[in-house]
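Throughout, read-outs are computed from the coordinates displayed, never taken from laboratory work. Remember, it's a predicted structure, so these values are computed and weren't measured experimentally. Here the Cβ positions follow ideal geometry from the backbone for every residue, glycine too, while neighbour counts run over all protein chains shown.
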Amino acid sequence: MTYTQAALLGVVAAMLVDLAVLRTGLLRRGVFWVTYPIVVAFQLLVNGVLTGRSVVRYHPDAILGVRLAYAPVEDLLFGFALVLVSLSLWVWWGRRGVQPPDHRRKV
Amino acid sequence: MGRLTYLAVLAGCLLAALWLEPVFRVDVLRRWRRLLLTVAPVVLVFGLWDVAAVAAGHWSFDPAQTTGVLLPGGLPLEEVLFFVVVPVCAVLGFEAVRTVLRWPVGDERGAAGPGGAPRGGTPGGGGPGGGG
């Protein structure tokens, strides 16, 4: 399996986690789609530095070769999966009553 | 910067997001238990992906730009910290956006009953947690 295939699989798995497994439905919520572009801007910066300075080196056979700010486009997919799963878990725990938002609104 | 390069990038990333905690009073770090429960599975799953990717030769790390501390599976310490830093930054950003926009995200009191399907997000729909 190439990184391209693994990254695509990762995105599909992350979407399934959000929509079907944890049922947080973030992909249907505005807050996610406002947050994601902000996060992705920093992600491009971080991945760009790490790849541009060759801290992380990709095997040419594992990627398509299309790059965005030095980093292979596959990193964008990997990052999307990482962020979606993280936020889905965060909301899921909150919905289950683990330190939900209400406690802080005691002004 | 040499061997601290990767570590410095992570520190910069964290610094770029940490101010959201006091400025927007998002209480993400204060809710460390919830944060820990969120980050732990991410570290585990994406760490395993990383180990598999390194084994498959998808990517490798420059030993001259990492501390040299290797964790089980041969991953540099920084790579595991990446899976801690990125989720923490993402949650900080998410909670800041939510604080500003006051749109529901699904963890509000009574947002969804046990096992209930999440409702679609209706921007400006007015979540129940808006009192202030």
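Here are some notes:
- B:58, A:59 arranged by Cβ crowding within 10 Å, fewest neighbours leading: A:59, B:58
- Segment A:1-82 shape via C-alpha gyration tensor axes, a/c threshold 1.5: oblate
- Under the membrane-span-like helix rule (DSSP H runs whose alpha carbons stretch at least 27 Å along the helix axis, mean Kyte-Doolittle hydropathy 0.5 or higher), chain A yields A:30-52, A:73-95.
- Taking a Cβ cut-off of under 13 Å around residue A:72, the surrounding Lys, Arg, Asp and Glu residues balance to a net charge of -1, with basic ones at +1 and acidic ones at -1.
- The order of B:89, B:13, going from fewest to most other C-beta atoms within 10 Å of their C-beta, is B:13, B:89.
- Gyration tensor verdict on the protein assembly as shown (Cα atoms; rounded if a/c is under 1.5, prolate if a/b is larger than b/c, oblate otherwise): prolate
- Total charge dipole magnitude, the protein assembly as shown, about the Cα centre, Cβ charges on Lys, Arg, Asp, Glu only, Debye to nearest 20: 1020
- Shape category assigned to segment B:2-103 from the gyration tensor of Cα positions, a/c cut at 1.5: prolate
- Residue B:36-residue B:69 FRET efficiency (beta carbon distance; Förster radius 25 Å; 0.05 resolution): 0.70
- Within 10 Å of the Cβ of each residue in B:82-91, the mean number of Cβ atoms contributed by other protein chains is 5.
- Peptide B:50-58 has a mean shielding of 4, counted as Cβ atoms of other protein chains within 10 Å of each residue's Cβ.
- Cβ-Cβ distance of residue B:62 and residue A:64, R₀ of 30 Å, FRET efficiency by 1/(1 + (r/R0)^6): the value works out to about 0.85.
- Local electrostatic count, residue B:73, Cβ distance below 10 Å [Lys/Arg +1, Asp/Glu -1]: -2
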